[in-house]
Structures are given as structure tokens and as C-alpha cells.
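Following: one structure in C-alpha cells, then a few remarks.
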Amino acid sequence: MTRITHDLVLEVLEGCADSALQEARPLGLVRTVGPTELALVTDDLDAVRGLRRVVSAFTGLTVPARRPRELLETSVQQRLGELWADVERQRPRQRFQGLRLEAAGSDTPEMRRVAEALAERTGVSTDPEGDLVARVRRGGAPGTWQVMLRTTPRPLATRAWRTVNYPGAVNATIAATVLDLLQVGAEDSVLDMTCGSGTFLIEQLHDVAPARAVGTDLEPAAIDAARLHQRAARRRGRIDWLIGDVRELEIEPGFTRMVTNPPWGTLHGEHAENEQLLADLLRRGAELAAPRARMGVLTHEITRMHRVLAARPAGWRLREEHRFFQKGHHPRLFLLERG
Ligand SMILES: C[S@@+](CC[C@H](N)C(=O)[O-])C[C@H]1O[C@@H](n2cnc3c(N)ncnc32)[C@H](O)[C@@H]1O
């Protein structure tokens with residue numbers, strides 16, 4: 001069977017693009033289009049579904065056109081039909097429940113006709129709540145329009161293992177990027193000091209299982225969720241989940257990599273307490289760290305974190321501040337190193 005080449009648009013969160021670019025490289029020619037978008041040329045949609053730093057993948061066409069109605073032309077529709085046939089060839093099969101058009105002016109008669117044509121091509125009827133997301137927008141070059149279909153019913157960022165909706169859980173594509181920046185390898189000993197539902201450590205198992213992995217959280221409900229998630233993820237590698245205040249828990253030291261995504265705003269805590277906790281986490285991290293250990297603090301409490309760092313706590317040195325952006329939130333990773 002001849003394979004179809006797709007010009008994919010990969011949607012990423014701001015702050016994840018470089019990591020996603022590295023991850024997509026083995027799949028084909030990839031380039032950065034902007035802070036939230038990559039372009040990938042590939043014939044392997046099954047491999048695309050494995051991308052963990054990408055929010056969504058869209059296949060599509062960019063055509064010379066002055067108006068969206070030109071997308072109704074037979075040659076464009078036939079090519080879309082070929083791309084769609086390949087979307088349907090994915091294994092396991094992706095089942096779509098309705099086609100949702102996302103476009104400026106999606107209610108205009110012209111756009112509605114485009115949506116109907118796409119529904120006819122794909123055999124998936126239009127539905128404002130549909131999971132086959134179709135996008136129509138102007139192309140990058142003047143005088144072009146772009147039509148795209150998401151290749152999966154759920155975003156790639158949605159993890160099948162996440163069965164518990166834990167408040168404040170970190171987006172999995174951000175977690176995977178944080179782990180890239182921390183450079184976690186098979187020889188590392190990793191501690192997530194405020195593990196919540198376990199996102200960091202479970203994501204890590206999808207890359208490489210570290211020599212030792214420990215997650216701690218105050219809340220028994222968090223540890224229950226983390227255990228359930230680890231079981232559902234079915235990845236090789238052991239994680240020890242401990243309930244308790246990481247400041248007091250008895251834990252064997254020697255961690256080469258530590259991560260914490262402490263409470264922020266008033267979620268799970270109060271602002272003033274959060275600042276004290278940030279300082280305590282750095283101090284406790286220093287007690288548990290191996291020489292030259294690295295720690296990643298992912299927090300929304302930027303000003304408070306700067307204040308804590310100004311006191312040069314416990315011998316940590318700031319290597320980098322890395323900004324993320326997600327739906328109105330600006331979490332930032334403070335990448336720290338010992339001595
Ligand atoms: C923003 S949530 C972490 C979410 C997690 N990254 C996830 O993806 O599910 C912050 C967590 O810190 C925990 N926490 C707060 N203070 C703590 C402490 N002193 N020791 C351990 N965990 C703590 C809270 O119970 C909460 O689960």
C-alpha cells in the first residue's frame with residue numbers, strides 16, 4: 001500500500017515547543033512555526049499518537065484561495081478524502097462522534113457549506129460538541145487558506161491513565177517538558193516532593209525508568225490517585241508513593257533529581273503559607289540531595305519564589321527560569337542546581 005504523506009500541524013503549549021521539536025524529529029521533517037505550533041511532514045500517524053509533548057495533531061492542506069468557498073473545489077475535496085482515509089487507517093482505530101468546525105465566522109453560510117462538505121467527505125456529521133475538530137483559517141502565505149482535521153478524537157495531551165480529576169494536576173505535556181529540562185536518565189534517583197496525582201513520575205516512566213523513584217504527598221487522596229494512575233499507565237518501573245509532609249517524612253537521601261509543583265494561589269494552601277513552603281522545600285531538598293543534584297520547582301508563585309531565591313537558600317543555584325503558558329496561567333519552572 002502506498003503511504004500518504006501528511007503535512008501536520010502540531011499544536012503545543014507555549015514553553016513546550018523545543019522539547020516537542022526534539023521528540024518529533026525521528027518522525028520526519030519538522031520545524032517551528034511559532035511558540036505554539038510546529039509543522040511536521042510524516043507518513044506515520046500511528047507514531048504521531050505517541051508524541052507526549054504535543055497537545056494535538058492536525059492533518060490538512062494549504063491551498064491558494066481567496067475565499068474559504070474555494071476549499072469546496074473537487075481537487076481539494078479529493079485530496080482531503082485521501083488524507084481522511086489514512087486517518088481512518090490508524091490502529092487502533094480512532095472513532096469520531098461528530099464534526100466540530102473551529103473557524104472565524106464558523107456560523108456564516110460559506111463556512112457552514114465547508115463544514116457540510118467535510119462532514120460528507122468524512123462520513124461524520126456536524127455537531128457543535130463533536131470530537132472530530134476541523135479548522136479552517138488563512139494560510140501563512142498571503143492568498144492561501146488552510147483546512148485541517150484533528151487526527152484523534154481526544155487531544156494527544158489527554159492521558160488515558162488519568163482517571164482521577166485531581167485539583168491542580170499539571171498538564172502532562174508540561175510535565176514531560178519539565179523532565180526533559182531536568183534531564184532525567186536511567187541512572188538517576190528521582191523525588192517528586194509534592195506528587196499529587198503522580199503526573200511527573202508516571203510521565204517519566206514513559207521515557208526511561210529511573211534507578212529510584214519516590215513520590216510524596218500530604219494527602220492520602222493524592223497518593224490513592226497516583227497509585228491508580230500508575231497501575232493504569234502499565235509502564236515498567238517501580239515508584240514508591242509515600243503519604244506525609246515531605247518536610248518531616250523519613251526518606252533515604254541521595255536524590256540526583258528532584259521536582260516539586262507546590263500548591264499555588266489558594267488551591268491546597270494560602271499565599272503566605274505557600275511562600276514558607278517554597279523555602280522549606282528548598283531546604284528539605286538540600287537535605288535529600290546528592291552532590292550536583294538538580295531540582296525543578298514548577299510554580300505560579302513567581303514573586304514569592306524570587307523572594308525565596310534572593311535569600312540563596314540552602315546552597316541552590318538558579319540555572320534557568322523557563323516560562324510556560326496554558327489557558328491564562330503562566331507557571332514557571334525554576335531549574336536549580338547544587339553548589
Ligand atoms: C499543585 S498540587 C500537585 C499536583 C501534581 N503535580 C499532579 O500533577 O497531580 C500540590 C500538591 O502538594 C501537596 N502538598 C502540599 N504541602 C505538602 C507537603 N508539605 N508535603 C507533601 N506534599 C504537600 C498537596 O497535597 C498537593 O497534592
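Kindly rank 191-203, 150-162 from highest to lowest mean number of other beta carbons found within 10 Å of each residue. Write down the numbers at each step before the final one.
Values: 191-203: 27.5, 150-162: 18.4.
The packing order, highest mean first, is 191-203, 150-162.
Is there a quick way to get the dipole size of the range 172-338? I mean about its Cα centre, with the Cβ of Lys and Arg at +1 and of Asp and Glu at -1; what is the value in debye to the nearest 20?
Details: 22 positive and 23 negative charges, 105 e Å.
Roughly 500 debye, rounded to the nearest 20.
Pairs of Cα atoms under 8 Å, at least six residues apart: use those to get the relative contact order of the range 6-150, whole percent.
24 percent
With an 8 Å cut-off on Cα pairs and a minimum separation of 6 or more residues, tell me the relative contact order of the chain in percent.
Details: 700 pairs, mean separation 45.2, N = 339.
Over the chain, the number comes to 13 percent.
Starting with the fewest neighbours, write out H322, H229, H306 ranked by other beta-carbon atoms found within 10 Å of each beta-carbon.
Numbers: H322 18, H229 21, H306 13.
Least to most surrounded, the residues fall as H306, H322, H229.
Which net charge results for the neighbourhood of R66, defined as the other residues with beta-carbon distances under 13 angstrom from its beta-carbon, given Lys and Arg at +1 and Asp and Glu at -1? It would help to have the intermediate numbers written out before the result.
Details: positive: R67, R69, R138; negative: E70, E73, E110.
Summing Lys/Arg as +1 and Asp/Glu as -1 gives 0.
Quick one: dipole size for the chain, taken about the Cα centre, charges +1 on Lys/Arg Cβ and -1 on Asp/Glu Cβ, in debye to the nearest 20.
Working: 47 positive and 45 negative charges, 130 e Å.
The dipole of the chain has a size of about 620 debye.
Would you be so kind as to identify which of S75, V9, P291 lies farthest towards the positive end of the dipole of the chain, taking Lys and Arg as +1 and Asp and Glu as -1 on Cβ and the Cα centre as origin?
Going by the Cα projections, it comes out as S75.
Of the trypsin sites (Lys or Arg not before Pro) in the range 242-318, which ones lie in a loop per DSSP and count no more than 16 other C-beta atoms within 10 Å? Kindly include the intermediate steps, with their values, before the conclusion.
On the way: sites: R247, R257, R283, R284, R292, R294, R304, R307, R317; in loops: R247.
Loop-located and lightly packed - R247.
Defining a contact as two alpha carbons under 8 Å apart and six or more residues distant in sequence, what relative contact order in percent does the range 172-282 show? Could the numbers behind the result be given before it?
Values: 175 pairs, mean separation 31.5, N = 111.
Computed over the range 172-282, the figure is 28 percent.
Could you run the Karplus curve 6.51 cos²θ - 1.76 cosθ + 1.60 with θ = phi - 60° over the range 232-241 and give me ³J(HN,Hα) per residue in whole Hz, x for Gly and Pro?
Running phi through 6.51 cos²θ - 1.76 cosθ + 1.60 with θ = phi - 60° gives 5, 6, 6, 10, 5, x, 9, 10, 8, 9 Hz.
For the range 67-133, what does the alpha-carbon gyration tensor say about shape, rounded, prolate or oblate, given a ≥ b ≥ c as the root eigenvalues, a/c under 1.5 as rounded, and a/b over b/c as prolate?
Oblate, since a/c reaches 1.5 and b/c is not below a/b.
Run through the range 249-339 and list the chymotrypsin sites (Phe, Trp or Tyr not before Pro) located in a DSSP loop whose Cβ has at most 13 other Cβ atoms within 10 Å.
Answer by residue number: there is no such site.
Okay, helix-only estimate at 222 nm for the chain: each DSSP H run of n ≥ 4 adds -39500 (n - 2.57), divide by all residues, round to 500 deg cm²/dmol; what do you get? Walk me through the numbers before you get to the answer.
Numbers: 9 runs with 102 residues, N = 339.
Mean residue ellipticity, 222 nm, calculated: -9000 deg cm²/dmol.
Looking at the range 241-314, which GluC sites (Glu not before Pro) are DSSP coil and have at most 15 other C-beta atoms within 10 Å of their C-beta?
On the way: sites: E248, E250, E270, E273, E275, E287, E301; in loops: E248, E250, E270, E301.
Here the sparse-neighbourhood loop sites are E248, E250, E270.
Collect residues whose amide H, placed 1.01 Å from N in the peptide plane, falls under 5 Å from the amide H of T144; neighbours closer than 5 in sequence don't count.
Placed amide hydrogens put A65, G139 under 5 Å from T144.
Only the coordinates and a few stated rules stand behind these numbers; no lab work does. It should be emphasised that the depicted structure is a prediction, and the values quoted were computed from it without experimental measurement. Here the Cβ is made from the backbone with ideal geometry for all residues, glycine too, and neighbour counts use every protein chain on show.
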